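Visitor: Let me begin by handing over the structure; questions about it come next.
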Amino acid sequence: MRSFRNFERVLFVLPVVCLTATALYAGIQAHRAQRLEASRRSVEAKIRALESEIAAYRALPAPTRVVSASPSPNEQAAFLRELRAGARRSGALITRWLVKKSAGAAQEIPQGQPAPIATELGVRGDFASVRRMLYALQRSPRLLNMTDAWWRRSEWPVTEAGLTLTRYVDAAPDGSGERK
Amino acid sequence: MRPKGKPIIGIELNEDEIRIAEVCGSWTEPTLLRTASAPAPLNAFADGVPVDLEAVAAALRALVGRSGSSARNAVVALPPQLTTCRIVETPNVPVTEMATVIRGELVHLQIVREEGSTFDYARLSGEGSAPDQAASVLVMAAEEAIVERYATIVSLAGLNPIGAEPLLLAMLRTTGLMVRPDRETLAIAVNANAVEIAIVGGTDLRFYRRLDLGCHPASKRREPAPLDQVPIARELRSLQDERFALQGASSIAIGEESAPEAEGDAADLLGARMLALDLQRSLDYCAGRFQQTEPVVAGLLVLSDPEMRPLAGKIAEALGIEITLSVPMIAAGPSAGEEAPDLRFQPAIGLAMRSLTGAGPPLPSFDLSPKTRSRGAIRLRNGSPLAAAALSALILAVGGGIGIQATSRAGLEQASLIRARATLTQRTQEQADLSQRIQGRVERLRDLSARGYPIATVADEVAEAVPPGVALETLRVEAGGRLLLTGEAADERAVIRALDRLKTSRHLADVSLESFDRGPDRSAGPDLIRFQVAAQIAASAAEAGGAR
């Protein structure tokens, strides 16, 4: 008798259990989908913000000064060409050009930093020409550091100047380069 | 041509036999599709109650299979000895509260227990129409456990139990086709255990009663109680000469010694007399209560035992009305045979006639299956297992579909999220690289620029600072940004003036006069002063030169 009563109860309970189970299952999955969708939207908003920032970075004007040049075999020739052109425009005469050797320089250069190439430069000309030449070097688009400089009178109106001119080239991937 | 309507099977289970009948159609065109019977399993019943449910169910399943029936809905008969029949007077309450009121009344009268009993009811017509008038309600009750035994048997037999109905009430239903609506009719159902009567008029059930006779009107199975122990026998003796006394029995001396072979007949006659007596009382009661109605002039007798046929004549003689033996109603279906069905199938046919559509006799359909009205329990309707399974499957299909769709959506969202997170990582890295590159470039330019000096700017500053009367000879920038100037001046004041001007220079700091010399041996001449000034190129000058 009890089994018959239980059987009827099962008949009633079964759809309710099915309804509850499916509602629970569907509800959990729908909630999960909503949560994932919210997360996706949040991540997409962050991506848009980042892309906007990246675009702003890329829209920045190109730098007016170049710190270093690529370490190509033509770098020195190109630099000398620029130097001579500057001297010609200034009316000065380059009287000396000597690559300075600095032992152990390689050890001082941190990894990834551009390698310095120092040269001794002698210039001759009247005051204005030498001044223009020095300004040309100082305002060069490529960074040229001037140290150990001297400037003196010679036979009037000639003046002579000398300085150590340091330029920079990018570090070669293998660490080698024109480090002198 | 296939009869209309959904057939159901009526089932009667007793200690001797299992009987089934399948009926369909309408009250105007009923069809008996089939009848079948089989012996009941031995020892499957105890005191009329089925005890070996599996055996009875197996026999029933075999019987249904043999009969060729394809119907699955079935109504089972509850024998009168297992049911209680009462007329209960209740206040005239709304239909929705009737069950509660009746239950309370039954419990109060100790007819049923608070728990474990089931009942069904029908309101008798002709009374209770006024709000303050009591209503007479016919109530049938049974032990829930007993009813469930019968329902279990039907279920185990592979059928769908749609109801459990008192047997004699079902038998009375078979009179439906013979009741004339234009006159009051007495319907009498008799079986081996009990007698129930109903008085119907038109479409109303006016009276219903189970008769308690103390012995059976035509019993061949039971030993009749000793006549001197039957209280009503004494009354019968006094009523011997009255009009409802059986004329054929008037010569029998009740209570007197008689031949043994005559004792059975005497008992039969005594039962018939008692039945007639009770019937007459019921008729008198109805005549008194329903004074506006015509007197009962006809009766229908329903029997389930063919050997009781003579009872019709005896009752007719005793009551003085026309008594017709009710025969199974109906045009037999294609598989039921040509001849009229056996009287033994009256209960099963009456049960199965519940399926007939259209307006039937004013006899109610009772269902004592445990259900909402009697127990407050929720009971599913016909075809419950299939409907529940189908509903469950539908819910599972729909809910599962929605769930799977949500899962699929969640999966897509998760894949999109993973992709978005990868893109975010990539963009973050790209932004960091870009920012670092720009920052590094700026810092590198600042660092490297600080290593050189703006020689031309410093030279211009110095040249501007030199007053008239002072001539510079050399300008030297040493390591660390130390500036040394040598020159000639006409006098000390010119030197001091030059020194003061140099001190105001933006790009020079720590300006100091290192030396001056006016010696006669100097090539500059005795009037000129040679001097040397030291200064420190300011860090701001170096940075400005680098940034330029």
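Visitor: Taking the mean number of other Cβ atoms within 10 Å as a proxy for protection, how do you rank A:120-130, B:182-192, A:22-32 from highest to lowest?
Guide: So the order, starting with the most tightly packed, is B:182-192, A:120-130, A:22-32.
Visitor: Net charge near B:K503, counting Lys/Arg +1 and Asp/Glu -1 over other residues with Cβ under 15 Å of its Cβ? Before the final figure, lay out each step's value.
Guide: On the way: positive: B:R497, B:R501, B:R506; negative: B:E461, B:E464, B:D500, B:D510, B:E514.
That works out to -2.
Visitor: Treating the beta-carbon of each Lys and Arg as +1 and of each Asp and Glu as -1, no other charges, what is the dipole magnitude of region B:1-148 about its Cα centre, to the nearest 20 debye?
Guide: 900
Visitor: Then there is this: For region B:401-500, which GluC sites (Glu not before Pro) are in a loop by DSSP, counting at most 11 other Cβ atoms within 10 Å?
Guide: Listed in order of number, the matching sites amount to none.
Visitor: Show me the trypsin sites (Lys or Arg not before Pro) within region B:433-530 that DSSP assigns to loop and that have at most 16 other Cβ atoms within 10 Å of their Cβ.
Guide: Passing both the DSSP loop test and the Cβ count: B:R451, B:R506, B:R518, B:R522.
Visitor: Along region A:142-147, what does the Karplus equation 6.51 cos²θ - 1.76 cosθ + 1.60 (θ = phi - 60°) give for ³J(HN,Hα), rounded to whole Hz, x for Gly and Pro?
Guide: 3J(HN,Hα) across region A:142-147, in whole Hz: 8, 5, 10, 7, 10, 9.
Visitor: What do you get for the angle between helix A:2-58 and the principal long axis of chain A? Use alpha-carbon atoms, 0 to 90 degrees, nearest ten.
Guide: 10
Visitor: Among B:I418, B:I11, which comes first, then next, by fewest other beta-carbon atoms within 10 Å? Walk me through the numbers on the way to the answer.
Guide: Values: B:I418 13, B:I11 27.
By the 10 Å Cβ count, ascending: B:I418, B:I11.
Visitor: Per residue of region A:81-92, what does 6.51 cos²θ - 1.76 cosθ + 1.60 with θ = phi - 60° give for ³J(HN,Hα)? Whole Hz please, x for Gly and Pro, Karplus curve as stated.
Guide: For region A:81-92, the Karplus curve yields 4, 4, 4, 5, 5, x, 5, 5, 5, 7, x, 9 Hz.
Visitor: Nearest 0.05, what FRET efficiency do B:T203 and B:L394 give at R0 = 45 Å with Cβ-Cβ as r?
Guide: Values: r = 41 Å, r/R0 = 0.91.
According to the calculation, E is roughly 0.65.
Visitor: Based on the Cβ-Cβ distance from A:V99 to B:S435, what FRET efficiency comes out when R0 is 35 Å, to the nearest 0.05?
Guide: Here the calculated transfer efficiency is 0.45.
Visitor: Using Cα atoms only, what is the angle between the long axis of helix A:127-138 and the major principal axis of chain A, expressed in degrees (0 to 90) to the nearest 10?
Guide: Its long axis makes an angle of about 20 degrees.
Visitor: Now for a separate question. How many Cβ atoms of partner chains, on average, are near each residue of B:472-481 if near means within 10 Å of its Cβ?
Guide: Mean partner-chain Cβ count within 10 Å for B:472-481: 4.
Throughout, read-outs are computed from the coordinates displayed, never taken from laboratory work. Remember, predicted model here, so these are calculated numbers, not experimental data. Methodologically, a virtual Cβ is constructed for each residue, glycine included, from the backbone with ideal geometry; neighbour enumeration extends over all protein chains shown.
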